Each structure stands twice: as structure tokens, then as C-alpha cells.
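Single-structure report; data block below.
The values are calculated or read from the model by the stated rules, or taken from the named source; none is laboratory data. The shown structure was predicted, so the numbers you read here are calculated from the model rather than taken from an experiment. For neighbour counting, all protein chains shown are included, and Cβ atoms are generated from backbone atoms with ideal geometry for every residue, glycine included.
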Ligand code: HEC
Ligand code: HEC
């Protein structure tokens, strides 16, 4: 009887240890593109460490189930189970959000601030650090990446399921796109 309980306990512990190890291994496969702890060093690659869990989970499942267009991520998440996606979302949401320092000229900054206080602040906050529940942090996210994403939202033929974000992006004057992206990219807090 005692032995049986011990065997079950050992089995349970080793199972838990394996699961913990697997998520580390799986998360390490993201480093090449998203950087160590999800802090990206490439301008067109987003940082993902410290983004809200719900957002991480939602976008990865949308890619898995072909509800969201992508250049790369749809192929990457296809092989993951829903449990693995949930575990990755928890893992990266627990990392620290690290804004990347990015320089921007005064003129572009002023234009970006104007656009954002009029069209974006309600949902993202003026600096992008205090977003609505279903939106990611974007303060200090790479400006180049954000510009690419905004073009996806603006493209009628590109599948992006968030209707309000799509509608807002499509209303933007083309020259306001880089301005807004650089303004949010330059925010440290
Ligand atoms: C080969 C490069 C590459 C690898 C490896 C990779 N990603 Fe990505 N990731 C991208 C690109 C590119 C995008 C932008 C969306 C797109 O077009 O695919 C992105 C976007 C994302 C986003 C959206 C970020 C945002 O702010 O909206 C999440 C979340 C994400 N990846 C998670 C992961 C996770 C978790 C892994 C590891 C399991 C991973 N990625 C591995 C290239 C990669
Ligand atoms: C109605 C609320 C709302 C408004 C207004 C809004 N956004 Fe968004 N934004 C969101 C949500 C929610 C998402 C995530 C949507 C998704 O899942 O695709 C998002 C996504 C983004 C992204 C992609 C971030 C990433 O990590 O991939 C950028 C960049 C962005 N918004 C910039 C802007 C700018 C610039 C404006 C103003 C011109 C704006 N948004 C206005 C809610 C909003």
C-alpha cells in the first residue's frame, strides 16, 4: 500500500518535471527570432516577453486555426497543441516587458503624438503601455515591425480579425502610419 502511493507520487512528480522542462525547450525555439526572454533585437521582429497572456494566446490560436494571416507564425504554431500554446502564453506573459530604445526626429514625433491622441489613445493609451484587455503593449515595440503590422490591418485582402483595429488603421493617412509607429516605438514607459 505504502509503496503504491510512493510509486504514484513519483510518477506524478516526474510527469510534472517533464512538462516544466518541455515548455523551456519549446520556448527556446522562439529565441532565434524573438530574442532571449522575448526581447527582440531585430527591427522587423516583435518583442513578445511581457505581453498580456490573453493576447498571446488569442493570436497564436488564430494562426493555428487559419483565422489570422501571417508571414511566418501560422506555419510555426500549426504543430502545437492548444495546451502548448496556452503554456507558451503563460511563459512569455511572465517575462518582463522591455521597451527597446529607438531614436526618432522631433517632427515625426510631434506628428505621431497628434495622430495618436486623436485616434489611438482610447485603446492603447498615449504611450502604448496601458492597453485595453485585448490589445498588446506597444511602448518601445519596434517601430519597423509596427509599421508592417499597420499595413496588414490596412490591407483589405489580409486576414486580420480585429474589426475595430482594422477600421482605425484603414482610416489613417499614409504618412501618419510611420509617424504613429515611431512615436509608440520611442516610448520608454
Ligand atoms: C522564424 C522566425 C520566428 C520564430 C522562430 C518565431 N516567430 Fe513569432 N513571429 C515571427 C514574425 C515574422 C512575426 C510577425 C507575424 C508574422 O507575420 O508571422 C511573429 C509574431 C509573433 C507574435 C505576435 C506578437 C505581437 O506583438 O503581436 C507572437 C505572440 C509570437 N510571434 C510568438 C512566438 C512564439 C511563442 C514562438 C516560439 C514557439 C515564435 N513566435 C517563434 C517570427 C518568428
Ligand atoms: C478600438 C480600439 C483600438 C483603437 C482605436 C486602435 N487600436 Fe491598435 N489595436 C487594438 C487591438 C485590440 C489590437 C490587437 C488586435 C488584434 O488582435 O489583431 C491592436 C493592435 C495594434 C498594433 C499591432 C501591435 C502588435 O504587437 O502586433 C499596432 C501597431 C496598433 N494597434 C497601433 C494603433 C494605432 C497607431 C492606432 C491609432 C491610429 C490604433 N492602434 C488604434 C485596439 C485599438
Confirm whether residue 179 is more than 15 Å from the chain's Cα centre (by Cα), modelled with pLDDT of 95 or more and more than 12 Å from ligand 1 (Cβ to nearest atom). yes
Out of everything in region 87-99 that is buried (at least 17 other Cβ atoms within 10 Å of the Cβ) and within 14 Å of the chain's Cα centre (by Cα), what residue ends up being farthest from ligand 1 (Cβ to nearest atom)? 99
Within region 100-126, restricting attention to residues that are away from ligand 1 (no atom under 13 Å from the Cβ) and buried (at least 21 other Cβ atoms within 10 Å of the Cβ), which residue is farthest from residue 165 (Cα to Cα)? 112
Looking only at region 135-172, and only at residues there that are loosely packed, with under 14 Cβ neighbours inside 10 Å and more than 12 Å from ligand 1 (Cβ to nearest atom), the one that is farthest from residue 184 (Cα to Cα): 157
